[in-house]
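Bear in mind that the values in this text are calculations on the coordinates, not laboratory data. Remember, predicted model here, so these are calculated numbers, not experimental data. Please note: Cβ atoms are built from the backbone with ideal geometry, for glycine as well, and neighbour counts cover all protein chains shown.
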Amino acid sequence: MEDMFRFADDFGPARIIHICRPSLALKAIVVIDNTACGAGIGGVRMAPDVSVEECFRLARAMTWKNAAAGLPHGGGKSVIFGNPRMAGALKEQLIRAFADGIRDITDYIPGPDMGTDEQCMAWVKDEIGRAVGLPAALGGIPLDEIGATGFGLAACVDVASEFIGLDLKGARIAVQGFGAVGKHVALFLAQKGALLVAASDTGGTLADPSGLDVGALIALKEAGRSLNDHDKGSKLAADAILDIDCDIWIPAARPDVVRADNVSRLRTRLMVQGANIPCTPEAERALHERGVLVIPDFIANAGGVICASVESRGGTQRAAFDDIDERIRANVRAVLEESRRQKALPRAAAVALAERRVRAAMQTRRWR
Ligand code: NAD
């Protein structure tokens, strides 16, 4: 028999729930990891191919991310199996049915993730009265629209580049994935003087060592087109983004894109993880051994959840940006100093920091 408890450790997961509504072709998984710090907050992903294990790893990343950011939330994540580009009416029906399925899972607060957006969260909120990352019309701070995660990543890049003596002015950045996260980090970094030398989406990689026009690329994506429809730059295969010579490489697409079999292709000094779990542990270790500084996902990409947390407490957009800036800068400094002191991987230092916070919260609970 399959070992259903194979992921379990001191921290969780508290529950793994499968939701199935055959008449609507709804299949979903919810993982509630650790709730010692508060109700689990984490995105709803819509994708055709996510395993329970991947969902658990994403939920655990939320436990660490929320604790590391000092938020009053635990970790959770959910996946709805389906093509995120399905017709609008079908998507609404599926999201509403999913919301109904999590109605009683009150220690899980859903937010947007890959394949879902503010509109989807509005449907969830309408069904069950509980969601973050809502549209402005519902009193939300539209975190993808304002680029909360990209803003946090740019703050992270600022601190990390100072740490390795890299001047952001003229620094060459390559971004994998040009969605809500990728396009905004490119924009905020361009505003700080960095040069976008390559970006990719599922249609391919667009590269230009003299720098791409970030605004034009964002306009292209917003018109529903692919980066390779741009009239300038070299058009390469999607995975050619791995080979780009750059100073800062930012994954902002899918998990496990950098693995033992392709890590040697990266030519960068700094990796700031916008995507969740974009590197396998072996690949991350290999980068560290080569002297590439890697800022782990749950420290670097916490901007979205910090924004969602500010929203759930009734705060404003301005307050969210200030909170993201302050928390991410402080955390990146703490992690880098600890990792330098311990000669440890930044991820090990970051997990130790988050674990300390979760364990302290667990001590206050009757059911640990
Ligand atoms: P999105 O759906 O808006 O954009 C994803 C982008 O990745 C699209 O441009 C898509 O074309 C591209 N893509 C997919 N597969 C690709 C591939 N193999 N090669 C190149 N590009 C590819 O999603 P998003 O909200 O920008 O999220 C991106 C990543 O960041 C995910 O891992 C997500 O979990 C993580 N993340 C997002 C947020 C947030 O606030 N949205 C917060 C934290 C982490």
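Numbers at a glance
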quantity: Cβ-derived FRET efficiency at R0 25 Å, Ala87 paired with Leu138, nearest 0.05; calculated: 0.60
quantity: GNM top mover of Val30, Val124, Val52 - the chain, alpha-carbon springs below 10 Å; calculated: Val52
quantity: Cβ-based charge dipole, the chain, positive-most Cα from Asn66, Pro209, Ala99; calculated: Asn66
quantity: J(HN,Hα) series, segment 39-55, from Karplus relation 6.51 cos²θ - 1.76 cosθ + 1.60, nearest Hz, glycine and proline x; calculated: 4, x, 10, x, x, 9, 9, 10, 7, x, 9, 10, 8, 4, 4, 5, 5
quantity: q = 0.11, 0.18, 0.26 Å⁻¹, segment 1-93: log10 I(q)/I(0) [Debye, one scatterer per Cα]; calculated: -0.34, -0.80, -1.24
quantity: Karplus 3J(HN,Hα) series, Hz, for segment 292-300 with 6.51 cos²θ - 1.76 cosθ + 1.60 (x for Gly, Pro); calculated: 8, 7, 10, 8, x, 2, 6, 8, 6
quantity: For Ile141, residues with placed amide H under 5 Å, excluding near neighbours; calculated: Gly133, Leu134
quantity: Mean Cα-pair separation over length for segment 232-347, i.e. relative contact order, pairs under 8 Å, 6 or more apart, %; calculated: 20
quantity: Alpha-carbon centroid distance for the pair segment 266-339 / segment 160-224, whole angstrom; calculated: 17
quantity: The chain - charge dipole about Cα centre, Lys and Arg +1 at Cβ, Asp and Glu -1, debye rounded to 20; calculated: 720
quantity: Leading residue at positive end of dipole, segment 217-289 (Cβ point charges), from Ile277, Leu227, Ala237; calculated: Leu227
quantity: Most mobile of Pro22, Pro110, Pro296 in a GNM of the chain (Cα contacts under 10 Å); calculated: Pro22
quantity: Net charge, Ala136 excluded, C-beta distance under 9 Å - Lys, Arg +1, Asp, Glu -1; calculated: -2
quantity: Amide hydrogen neighbours beyond the local backbone of Leu26, cut-off 5 Å, H modeled; calculated: Arg21
quantity: Burial ranking of peptide ranges 125-138, 169-182, 58-71, 186-199 (average Cβ count within 10 Å, highest at the top); calculated: 58-71, 169-182, 186-199, 125-138
quantity: Relative packing of 215-226, 250-261, which averages over residues the other C-beta atoms within 10 Å, highest first; calculated: 250-261, 215-226
quantity: Rg and Dmax [Cα atoms of the chain; Å; Rg one decimal, Dmax integer]; calculated: 19.5, 61
quantity: Residue-averaged [θ]222 nm for the chain, counting only DSSP H segments that reach four residues, each worth -39500 (n - 2.57); calculated: -13000 deg cm²/dmol
quantity: Pairs from Lys65/Lys221; Lys65/Lys232; Lys65/Lys169; Lys125/Lys192; Lys27/Lys125; Lys65/Lys91 whose Cα-Cα separation, in the structure shown, is over 27 Å; calculated: Lys65/Lys221; Lys65/Lys232; Lys65/Lys169; Lys125/Lys192; Lys65/Lys91
quantity: Förster-model FRET efficiency, 45 Å R0, Ser226 and Glu338, C-beta, rounded to 0.05; calculated: 0.65
quantity: Sequence-distant residues sharing a close amide H with Gly38 (under 5 Å, placed H); calculated: Gly74
quantity: Most positive-pole-ward Cα, Leu287, Pro13, Ile324, against dipole of the chain from beta carbon charges; calculated: Pro13
